[in-house]
Amino acid sequence: FPGPEDVTAATSLGERSTTREADFEAEWTVRNEMGERLTVLSPFYRLALASRNAAFQGQALKPKEPERLLRAAKDGLSFWVELKGQSEGFARHLAPRLLVMAEKGPPRVIGPTFVQNERTALAGGDGFVARCLYGFSTKDLSASSRLTLVVRDRDEREVSRFEVDLGAMR
């Protein structure tokens, strides 16, 4: 991924999304049972978002921007995760793991290549919300992989879980 037609499709989607706000992130967003949110930052999504941001500024995406974005996302897949907790610093020491579901046998466990936990969560509603960014290598993934992102605290207790079907996303 992506070929020239995908670059054109992502760019077009991003430009059109400035008038269709509600639907833009739906394809790449997953919510879990606790109402927490995960956005898959696929290469297609990154291109669409960059095109969208340029359109909001009344500009087109610069000619070399798609190539730069794709090069930066070449070997990795990132997740933007909004987690809920009861204290301002709850997310500081969270640790993500990615489970890659296999047809037979146990899932493969992949550790992160990048973790950026929000140190000071925002107060909101009935607690706090932390925005965290997690990156993983795509070496053991395919475009149709079924994944589970599991986030644990420093005592290895599971605090959050998201089911992700990459085959349902561009």
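The values are calculated or read from the model by the stated rules, or taken from the named source; none is laboratory data. Keep in mind that what you see is a predicted model, and the values were worked out from it rather than measured. For neighbour counting, all protein chains shown are included, and Cβ atoms are generated from backbone atoms with ideal geometry for every residue, glycine included. Remember, those area values only see protein heavy atoms, side chains included, never the ligands or the DNA or RNA. Shrake-Rupley method; radii C 1.70, N 1.55, O 1.52, S 1.80 Å.
Can you find a residue in the stretch 68-78 that is more than 30 Å from Ser17 (Cβ to Cβ) and not in a strand (DSSP E or B)?
In the first step, residues of the stretch 68-78 are kept if they are more than 30 Å from Ser17 (Cβ to Cβ); the result is none.
Within the stretch 68-78, none of the residues are more than 30 Å from Ser17 (Cβ to Cβ) and not in a strand (DSSP E or B).
If I filter the stretch 97-114 for residues that are out of contact with any Gly (no Cβ under 9 Å at 6 or more places or on another chain), open to solvent by less than 40 Å² (accessible area, probe 1.4 Å) and of a type in the set (Asp, Glu), do I get at least one hit? Walk me through how you get there before you give the answer.
Looking only at the stretch 97-114, we keep the residues that are out of contact with any Gly (no Cβ under 9 Å at 6 or more places or on another chain), and these are 99-111.
Imposing the further condition that a residue be open to solvent by less than 40 Å² (accessible area, probe 1.4 Å) reduces the set to 99-100, 110-111.
From what is left, the residues that are of a type in the set (Asp, Glu) are none.
No, the conditions are met nowhere in the stretch 97-114.
Collect the residues in the stretch 138-170 that are over 27 Å from Phe24 (Cβ atoms), touching a residue at least 60 places away in the same chain (Cβ under 8 Å) and not in a loop (DSSP other than H, G, I, E, B), keeping them in residue-number order.
Of everything in the stretch 138-170, just one residue is over 27 Å from Phe24 (Cβ atoms), touching a residue at least 60 places away in the same chain (Cβ under 8 Å) and not in a loop (DSSP other than H, G, I, E, B), namely Val159.
Considering every residue within the stretch 156-164, establish whether at least one is closer than 30 Å to Ala9 by Cβ, under 19 Å from the mean Cα position of the chain (by Cα) and among the hydroxyl-bearing types (Ser, Thr, Tyr).
no
Say we look at the stretch 25-56 and pick out the residues that are in a strand (DSSP E or B) and hydroxyl-bearing (Ser, Thr, Tyr); which of these is nearest to Phe136 (Cα to Cα)? Break it down stepwise before answering.
Let us first name the residues in the stretch 25-56 that are in a strand (DSSP E or B), namely 29-31, 37-41.
Retained after the next criterion (residues that are hydroxyl-bearing (Ser, Thr, Tyr)): 29, 39.
Details: Thr29: 17, Thr39: 14 Å.
Ranking the qualifying residues of the stretch 25-56, first place goes to Thr39.
Kindly provide the set of residues from the stretch 1-47 that are of a type in the set (Lys, Arg), more than 23 Å from Gly58 (Cα to Cα) and surrounded by fewer than 17 Cβ atoms within 10 Å (Cβ to Cβ), ordered by number.
Passing the criteria: only Arg31.
Pull up the stretch 125-147, narrow it to residues that are under 17 Å from Ser160 (Cβ atoms) and charged (D, E, K, R), then point me to the one that is most open to solvent (accessible area, probe 1.4 Å).
If we take residues in the stretch 125-147 being under 17 Å from Ser160 (Cβ atoms) and charged (D, E, K, R), then Asp126 is most open to solvent (accessible area, probe 1.4 Å).
Quick check on Ser78: is it out of contact with any strand residue (DSSP E or B) (no Cβ under 7 Å at 6 or more places or on another chain), open to solvent by less than 30 Å² (accessible area, probe 1.4 Å) and of a type outside the set (A, V, I, L, M)?
Values: out of contact with any strand residue (DSSP E or B) (no Cβ under 7 Å at 6 or more places or on another chain): no; open to solvent by less than 30 Å² (accessible area, probe 1.4 Å): yes; of a type outside the set (A, V, I, L, M): yes.
For Ser78, the condition - out of contact with any strand residue (DSSP E or B) (no Cβ under 7 Å at 6 or more places or on another chain), open to solvent by less than 30 Å² (accessible area, probe 1.4 Å) and of a type outside the set (A, V, I, L, M) - is not met.
Among all residue pairs at least 6 apart or on different chains, which show Cβ distances below 7 Å where the first residue, located in the stretch 47-65, is modelled with pLDDT of 90 or more and the second is in a loop (DSSP other than H, G, I, E, B) and not aromatic (Phe, Trp, Tyr)?
So the pair list comes out as Ala50/Leu61; Ser51/Leu61; Ala54/Ala60; Ala54/Leu61.
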